[in-house]
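The numbers here are math on the coordinates, done by the rules we state, and not lab data. Because the structure is predicted, anything quoted here is derived from the model rather than measured. When we count neighbours, we look across all protein chains shown, and the Cβ atoms used for this are built from the backbone with ideal geometry, even at glycine.
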2 protein chains.
Amino acid sequence: MSHVVKKRKLDKTHQDALYFDSYTDVTIHEEMIADYVRTNTYRTAIMRNSELIRGKVVLDVGAGTGVLSVFCAQAGARKVFAVEACSIAEQAVNIAIQNNLQDRIEVIRGTVETVDLPEKVDVIVSEWMGYALLHESMLNSVLYARDKWLKPGGLILPNKAELYIAPISDPMIEDRLRFWYTVKDQYGVDMSCMTDFAQRCIMNSEITVNFVSAEDVLSHPARFAELDLHSVTAEDLRSVKGQFKCQAFGSAAVSAFCLFFTVTFPCPDKPKTIVLSTSPFQPDTHWKQAMLYLDARVDVEQDTVVSGEVNMFPSEDSARHICISVDYTIGDQEKEKKTFSIPDWSSGPQS
Amino acid sequence: MSHVVKKRKLDKTHQDALYFDSYTDVTIHEEMIADYVRTNTYRTAIMRNSELIRGKVVLDVGAGTGVLSVFCAQAGARKVFAVEACSIAEQAVNIAIQNNLQDRIEVIRGTVETVDLPEKVDVIVSEWMGYALLHESMLNSVLYARDKWLKPGGLILPNKAELYIAPISDPMIEDRLRFWYTVKDQYGVDMSCMTDFAQRCIMNSEITVNFVSAEDVLSHPARFAELDLHSVTAEDLRSVKGQFKCQAFGSAAVSAFCLFFTVTFPCPDKPKTIVLSTSPFQPDTHWKQAMLYLDARVDVEQDTVVSGEVNMFPSEDSARHICISVDYTIGDQEKEKKTFSIPDWSSGPQS
């Protein structure tokens, strides 16, 4: 018997300390830089906006290793304020020097809510998106920076976020439930009565972050919310909700909803926008997709309507943790409601 | 930016509650049952000892789903007390019924330290081994049960545990450090100065649980400790230590030590014992191996001596968490000392 014990509930200050602590490890930065879709889309968006960046002042909110700050400096920014609360800021300083940009990139250690900048900025760039877009609530910091430091008419990269949902099947469920029927053949013990318990455990109320295969998506994804980063407020983020309606492609068993997001960058030339997508129909990113399991599988036929409303809101236990509530109706079944949250631990040891 | 925030430090009662809570999920039980080396070795050992089990009373400490209890009943036990503190005990009841063994398997919900049995037992069976053998400290419960409930001369399955260590190389380190040299080609940003930081993060003081490939093991593993379950005491477990001496197979860079264990079952017929091994030279188990990284790689040649002492002891923060301290000398280098602990969180979301 062997696994890692999970932990729960800490006070807010301790949560924040841990939140920033956790970005001191190299692994998360390696994962983000190695995410080619993420990093290259930001790079492309910054380069395509170089006319608006050249000679201007940029604020990078949550700069991490400062890679976006370097892109902005390479695009001609006169000054980049790279604001970063955790000790990875020390590495951002080294990287600015190594790229001979120490005169134009100023790394400022602190939270964007507390730092003092010598001037207002023309551009805000930030990679603030968490799992299911809003986990970690870093968008609040971007909005705070916008209201306090961005000049009127300034540029925000990205400037739009959209949320999508689709019903999916998950073949892993079938495999894991079938497992308990195989135990008798293997060891001579009938454990098939475990399947109900297994289903309750697997199809639980946790937001599961994992890759969804395009072939398991059972309808066109429906967009249920859009955030305009020029106008959205912290108050709006206390409940991000919207309705959806999907029609099944064909006969299948719905086992979960898949939730994902895109963010969009403005672009002066053609094409008019640049989109960073975490759709299961697009190349993989480190955000994967958010899976929300139903309590049990529900069969659908071609054109069966799956509709409802999604509401995303911060957890009461920890404002950085997202909860997702889904009211849904599948075909002529009764309306159901299930509320999901991100576990504050993850499964098993390093693998 | 997206990852799961880690958590730390809870009081003892809360730790225990979480420890038992965490076994209410099906995943860990699925992993343990699906571990064929584990489950089949127990099954074989129980069947081979059926002469000593037939008509006798067995205590299964930390029974989980009760699979070992079923094996003992199948081997002819008159009565099996399946003691389990967490709610998985309810499934053990169902499984006993489904296998028509409800008359001989009595599932008792509680910790072995608090339950009251109607009689002493002839046999104790338990699968108590954690990562690096002693993580989770469940062996203490087995020893408590032995002293309180086992008849003199009774059988303990398994009855011996042995700990091994060997120097290893880890090609993953090379890959991850080289990554920072590739960023310039990919995005035009020189991030090679990250390698020192990355090395400090990766070659840290955490016990990394992962599969070690046999070809990365740089010497014959050295046995440094042996626990005889008939005589070892809880006091002994406060410091399990021993010396080791290895000789390198050939030229290589040592990046870590690999620690693993075996447990041995007595066997009345030939071969005289049955061994459950978690060695990297044996088929994989869910325990994998425990990797202990040096601060930096050290080159060795053929026959270079790697020697020292290992000390394993419970963490001061949480008695269920193991710490491992290694004093070591590699060739003619100065003696070094590094102390490792199991992180109370694990890396990233489900994958």
Task: Order of B:ARG297, A:ARG109, B:ARG200 under a 10 Å beta carbon neighbour criterion, fewest first - done: B:ARG200, A:ARG109, B:ARG297
- [ ] Using only Cα atoms, locate the centre of segment B:251-329 and the centre of segment B:33-94, then give the distance between them in Å, rounded to an integer.
- [x] 28
Open item on the list: Could you tell me the extents of segment B:76-228's C-alpha atoms along the three principal axes, largest first, rounded to whole Å?
Closed with: 72, 35, 26
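For B:MET172, A:MET129, which order do you get if you count the other beta carbons within 10 Å of each Cβ and list the fewest first?
Ranked by crowding around the Cβ, least crowded first: B:MET172, A:MET129.
Just how large is the dipole of segment A:93-203 about the Cα centre, in debye to the nearest 20, putting +1 at every Lys and Arg Cβ and -1 at every Asp and Glu Cβ? It would help to have the intermediate numbers written out before the result.
Working: 11 positive and 16 negative charges, 31 e Å.
That gives segment A:93-203 a dipole magnitude of about 140 debye.
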- [ ] With unit charges on the beta carbon (Lys/Arg positive, Asp/Glu negative), name the residue among A:LEU117, A:SER87, A:GLN333 whose Cα is farthest towards the positive pole of the charge dipole of chain A.
- [x] A:LEU117
Task: More than 18 Å apart - percent of Cα-Cα pairs taken over segment B:147-268 - done: 67
TODO: Please list, in chain and number order, the residues 5+ apart from B:VAL80 or on another chain whose amide H is under 5 Å from its amide H, with Hs placed from the backbone.
DONE: B:VAL58, B:ILE105, B:GLU106
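For segment B:204-328, what is one quarter of the convex hull surface built on the Cα atoms, given in nm²? Let's see the in-between values first.
Numbers: hull surface 36.5 nm².
With the hull built on Cα positions only, its mean projection is 9.1 nm².
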- [ ] Give the span of the protein assembly as shown's Cα atoms along each principal axis, as three whole-Å numbers ordered largest to smallest.
- [x] 85, 75, 39
TODO: Starting with the fewest neighbours, write out B:ILE105, A:ILE108 ranked by other beta-carbon atoms found within 10 Å of each beta-carbon.
DONE: A:ILE108, B:ILE105
TODO: May I ask you to give the average projected area over all directions of the convex hull of the Cα atoms of segment B:12-127, in nm² rounded to one decimal?
DONE: 7.0
TODO: Summarise the long-distance tail of P(r) for chain B by giving the % of C-alpha pairs beyond 32 Å.
DONE: 37
Open item on the list: How big is the dipole moment of chain B about its Cα centre under a simple scheme where the beta carbon of each Lys and Arg is +1, that of each Asp and Glu is -1, and everything else is neutral? Debye, nearest 20, please.
Closed with: 880
TODO: Would you work out the charge dipole size for segment B:162-341 about its Cα centre, treating the Cβ of every Lys and Arg as +1 and the Cβ of every Asp and Glu as -1, and quote it to the nearest 20 debye?
DONE: 320
- [ ] State the antiparallel share, in %, of DSSP beta bridges confined to chain A, rounding to the nearest 5.
- [x] 75
Task: Pairs from A:LYS160/A:LYS241; B:LYS151/B:LYS272; B:LYS241/B:LYS288 whose Cα-Cα separation, in the structure shown, is over 18 Å - done: B:LYS151/B:LYS272; B:LYS241/B:LYS288
Task: For segment A:166-225 and segment A:129-149, distance of Cα centres in Å - done: 33
